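Take a look at the structure below.
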Amino acid sequence: MSEEFPGYLKDRKKADYLDSGCTILNVHATGTYKGAFKLGQYTHLVGDSDAGKTWLALTTLAAAANNPKFDDYLLIYDNVESGINMDMVKYYGTKLASRIQAPSVNEEGEPQSSTTLESFYDHFDDYIKSGKPFIYVVDSLDQLASLASLAKYEEEKAARRKGKETSGTYGMEAAKSNKAFFRRCGDGLELTNSVLLAISQTIDNPNGTYAGKSVSGGHALKFSTRMQIWLKRVGILKKTVKGKEYGIGSEIQCAIKKNHLNGRYSRFNFKIYNAYGIDDTRECIEYLVATKHWSVVKQTIVAPEFEIEAGILKLIEHIEENNLTEDLQKLVEDVHNTIITETQKEFADRKRRFL
């Protein structure tokens with residue numbers, strides 16, 4: 001299989017990317033199976049509360065923890081919502097469990113997450129000034145109020161207790177704080193070759209552009225990012241046991257709404273299983289079937305590159321036991337980029353407008 005990039009990526013290096021742990025996302029975002037997120041940049045991850053944002057972020061950290069290229073990186077998870085109670089070793093492995101850290105510790109050595117926007121900014125600034133490369137996940141920005149908004153709230157609370165009218169404008173302070181921070185955070189990320197994954201919750205907005213949804217925190221969150229990804233649960237995965245259906249996971253729609261890496265905007269689905277997380281091997285196989293690169297005959301998948309014809313479970317077992325996972329990922333990259341090349345074929349031999 002060729003290691004050459006299609007035209008729109010030929011000047012980029014695969015080593016420049018952070019693996020999301022989901023090959024389908026990687027190839028849609030960058031054209032390479034190696035990663036979805038450019039080192040030295042900030043990515044904005046947006047979605048509903050049940051859309052898999054945390055799953056994806058922690059899967060990304062786990063992929064980094066298992067990649068020797070990131071052995072010297074700090075892996076920071078700013079658990080603002082304190083919502084992670086799952087078994088870290090079971091779902092993300094011993095390497096991430098041993099390396100993941102909170103942004104700071106208190107005097108007793110206990111992990112401390114950010115409590116205000118300013119404390120998040122301060123944590124981030126500390127890591128930039130340390131000079132060490134890092135991957136920082138903040139989950140989520142919506143739960144962090146600015147100091148100015150908290151002060152405004154206390155002022156208005158006191159006024160209400162006295163029966164006075166209030167202006168009700170303290171909600172804008174977070175947007176102002178974010179505008180100042182995100183305008184300059186890119187310089188620090190580029191300097192240390194680090195990555196910031198900032199998670200935001202959706203809010204209902206009848207005038208929104210994605211199924212009536214919007215995001216709080218101001219326009220700077222999108223203006224300053226090089227990539228914005230929206231996640232939405234569109235289905236429940238079910239399995240029938242003894243004649244009764246049980247939920248086993250979620251189907252997630254992923255929309256890349258801003259992409260400065262290759263200029264492409266994509267929408268596709270992937271699955272998250274309650275007992276496993278993102279099953280990347282299965283996703284790759286299903287992608288090759290869906291694009292008709294592999295055929296299916298009576299529930300048997302014909303996979304000529306691996307010289308096997310088998311059902312999906314047997315095929316997964318064959319790939320994993322024979323260490324063919326990366327070969328599978330490379331194949332997905334080749335098929336994806338062939339499709340992209342075909343969609344651009346009519347322009348391949350056109351005379352360029354600007355020489």
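When the stretch 288-300 is examined, which residues are found to be within 20 Å of Asn323 (Cα to Cα) and more than 30 Å from the chain's Cα centre (by Cα)? Don't jump to the end; show me each part of the working.
Residues of the stretch 288-300 within 20 Å of Asn323 (Cα to Cα): 288, 294.
Across the stretch 288-300, there are no qualifying residues.
Here are some residues: Ser224, Ser216. Which one is surrounded by 12 or more Cβ atoms within 10 Å (Cβ to Cβ), more than 19 Å from Ala51 (Cβ to Cβ), in contact (Cβ under 8 Å) with a residue 12 or more places away in the chain and of a type in the set (S, T, N, Q)?
Within the list Ser224, Ser216, the selection yields Ser224.
Got a sec? Which of Phe120, Phe124, Phe182, Phe134 is at pLDDT below 85 and under 30 Å from Ser49 (Cβ atoms)?
Residue meeting the stated conditions: Phe182.
Name the pairs whose Cβ atoms lie under 9 Å apart, with the first residue in the stretch 287-315 and in contact (Cβ under 8 Å) with a residue 60 or more places away in the chain, the second buried (at least 16 other Cβ atoms within 10 Å of the Cβ) and not in a strand (DSSP E or B), and 6 or more positions between them or separate chains?
Sorted first by the residue in the stretch 287-315, then by its partner, the pairs are Tyr287/Thr23; Tyr287/Ile24; Tyr287/Val27; Tyr287/His293; Tyr287/Val332; Tyr287/Val335; Tyr287/His336.
Would you be able to say whether some residue in the stretch 235-246 is in contact (Cβ under 8 Å) with a residue 40 or more places away in the chain and under 25 Å from Phe268 (Cα atoms)?
no
Under the condition of being exposed (fewer than 14 other Cβ atoms within 10 Å of the Cβ) and closer than 26 Å to Ala145 by Cβ, which residue from the stretch 50-90 is modelled with the lowest pLDDT?
The qualifying residue modelled with the lowest pLDDT is Gly83.
Taking the residues in the stretch 303-343 that are surrounded by 12 or more Cβ atoms within 10 Å (Cβ to Cβ) and assigned to a loop (DSSP other than H, G, I, E, B) as candidates, determine which candidate is farthest from the chain's Cα centre (by Cα).
Gly311
Which of (1) at pLDDT 95 or above; (2) part of a strand (DSSP E or B) does Glu286 not meet, given it meets every other one?
In the conditions (1) at pLDDT 95 or above; (2) part of a strand (DSSP E or B), Glu286 misses (2) alone.
Looking at the stretch 36-48, is at least one residue under 25 Å from Ala255 (Cα atoms), touching a Cys at 6+ places or on another chain (Cβ under 8 Å) and of a type outside the set (Val, Ile, Thr)?
yes
Among the residues of the stretch 323-355, which ones are in contact with a Pro (Cβ under 7 Å, 6 or more places away or on another chain) and over 16 Å from Lys292 (Cα atoms)?
Within the stretch 323-355, Thr341 is the sole residue that qualifies.
Does Ile272 satisfy the condition of being assigned to a strand (DSSP E or B) and hydrophobic (A, V, I, L, M, F, W, C)?
Yes: the conditions hold for Ile272.
Would you confirm whether any residue within the stretch 159-175 is assigned to a strand (DSSP E or B) and modelled with pLDDT under 90?
The answer is no, given that none of the residues of the stretch 159-175 is assigned to a strand (DSSP E or B) and modelled with pLDDT under 90.
Conditions (1) more than 20 Å from the chain's Cα centre (by Cα); (2) among the charged types (D, E, K, R), marked per residue:
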position	(1), (2)
Asp78	no, yes
Glu81	no, yes
Met88	no, no
Tyr91	no, no
Leu96	no, no
Ile100	no, no
Gln112	yes, no
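Quick check on my filter: what residues within the stretch 214-232 are at pLDDT below 75 and either part of a strand (DSSP E or B) or more than 19 Å from Ser140 (Cβ to Cβ) (or both)?
Ser214, Val215
Restricting the search to the stretch 233-266, which residues are modelled with pLDDT of 95 or more and either under 30 Å from Gly186 (Cβ atoms) or not in a strand (DSSP E or B) (or both)?
Lys242, Gly243, Ile252, Gln253, Cys254, Ala255, Ile256
The values are calculated or read from the model by the stated rules, or taken from the named source; none is laboratory data. Values in this document were obtained by computation on a predicted structure and should not be read as measured data. In this analysis, Cβ positions are derived from the backbone assuming ideal geometry, glycine residues included, and neighbour counts consider all displayed protein chains.
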